[in-house]
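Novice: Input: one structure, supplied below.
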Amino acid sequence: MSLVVLVTLPPERALDLARILVNEHLAGCVNIVPGLQSVYRWHGEVAEDPESLLLIKTTGEHYPDLEARIKALHPYEVPEIIALQYDRALPEFQTWLLGALEPKQR
């Protein structure tokens, strides 16, 4: 099962988290979408903050470790982590993704 995982976080933390997830083979690719302005309710109040959105490509097999790693590194008390399953993608992309998630053999 292939997944795109959506995660929002402060812009200054986005690149570091993306690099860690790819370096640790938890994600094959992470796109960083800057310039979001989020409006949300937190502790009964309406809050607004600038954020970046991470679009993380991974698999269901890697998801539990990916989620745990994001939670460990994320600065928010309750991070937004939403996994969307997809069943159609370019076969060559799927092959690349599976290869990118495998640690290099020495």
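The values are calculated or read from the model by the stated rules, or taken from the named source; none is laboratory data. Treat the numbers as computed from the prediction; the structure is a model and nothing was measured. Methodologically, a virtual Cβ is constructed for each residue, glycine included, from the backbone with ideal geometry; neighbour enumeration extends over all protein chains shown. What goes into the accessible areas is simple: the full protein's heavy atoms, side chains included, and nothing from ligands, DNA or RNA. Shrake-Rupley method; radii C 1.70, N 1.55, O 1.52, S 1.80 Å.
Novice: Hey, what number do you get for the chain at 222 nm if only DSSP H runs of n ≥ 4 count, each worth -39500 (n - 2.57), divided across all residues, to the nearest 500?
Specialist: On the way: 3 runs with 35 residues, N = 106.
Calculated from helices alone, the mean residue ellipticity at 222 nm is -10000 deg cm²/dmol.
Novice: Also, I was wondering about something else. Pop a pseudo-label 7 angstrom from the Cα along the beta-carbon direction at both Ile82 and Arg19 and give the gap in nm to one decimal.
Specialist: The modelled label-to-label distance comes out at 2.8 nm.
Novice: Hey, could you grab the Kirkwood Rh for the chain? Inverse mean 1/r over distinct alpha carbon pairs, Å, one decimal.
Specialist: On the way: mean 1/r = 0.0688 Å⁻¹.
So the Kirkwood estimate lands at 14.5 Å.
Novice: Follow-up. Could you tell me which of Leu90, Asn23, Gly35 has its Cα farthest along the dipole of the range 9-96 towards the positive end, charges placed at Cβ (Lys, Arg +1; Asp, Glu -1), taken about the Cα centre?
Specialist: Of Leu90, Asn23, Gly35, it is Leu90.
Novice: If I take every Cα pair under 8 Å that is 6 or more residues apart in the chain, average their sequence separation and divide by the length, what percent do I get for the relative contact order? Present the calculation step by step, with values, prior to reporting the outcome.
Specialist: Numbers: 168 pairs, mean separation 44.0, N = 106.
Reported as a whole number, the value is 41 percent.
Novice: Apply the Karplus parameterisation 6.51 cos²θ - 1.76 cosθ + 1.60, with θ equal to phi minus 60°, to every residue of the range 35-41 and state each ³J(HN,Hα) to the nearest whole Hz, in sequence, with x for glycine and proline.
Specialist: These are the phi-based 3J(HN,Hα) values: x, 7, 10, 9, 10, 8, 9 Hz.
Novice: I want the local charge near Ser38. Using Cβ-Cβ distances under 13 Å, sum +1 for each Lys or Arg and -1 for each Asp or Glu among the other residues.
Specialist: -3
Novice: Classify the range 26-66 as rounded, prolate or oblate, taking a ≥ b ≥ c as the square roots of the eigenvalues of its Cα gyration tensor: rounded when a/c is under 1.5, otherwise prolate if a/b is larger than b/c and oblate if not.
Specialist: Values: a/c = 5.44, a/b = 1.88, b/c = 2.90.
Judged from the Cα gyration tensor, the range 26-66 comes out oblate (a/c at least 1.5, b/c at or above a/b).
Novice: For His25, tell me the accessible area in Å² from a 1.4 Å probe, rounded to the nearest 10.
Specialist: Around 50 Å² of this residue is reachable by solvent.
Novice: Taking the Cα centroid of the range 1-67 and of the range 72-106, what is the distance between the two, rounded to the nearest whole Å?
Specialist: 11
Novice: How high is the FRET efficiency between His43 and Lys104 when r is their beta carbon distance and R₀ equals 30 Å, given to the nearest 0.05? Before the final figure, lay out the partial values.
Specialist: On the way: r = 45 Å, r/R0 = 1.49.
Given R0 = 30 Å and the Cβ-Cβ separation, E is 0.10.
Novice: Hey, another quick one. Under 5 Å between amide hydrogens, which residues at least 5 positions from Ala27 or on another chain qualify, with H placed 1.01 Å from N in the peptide plane?
Specialist: Val22
Novice: So, one more: Give me the accessible area of Asp49, 1.4 Å probe, in Å² rounded to the nearest 10.
Specialist: Accessible surface of Asp49 is approximately 60 Å².
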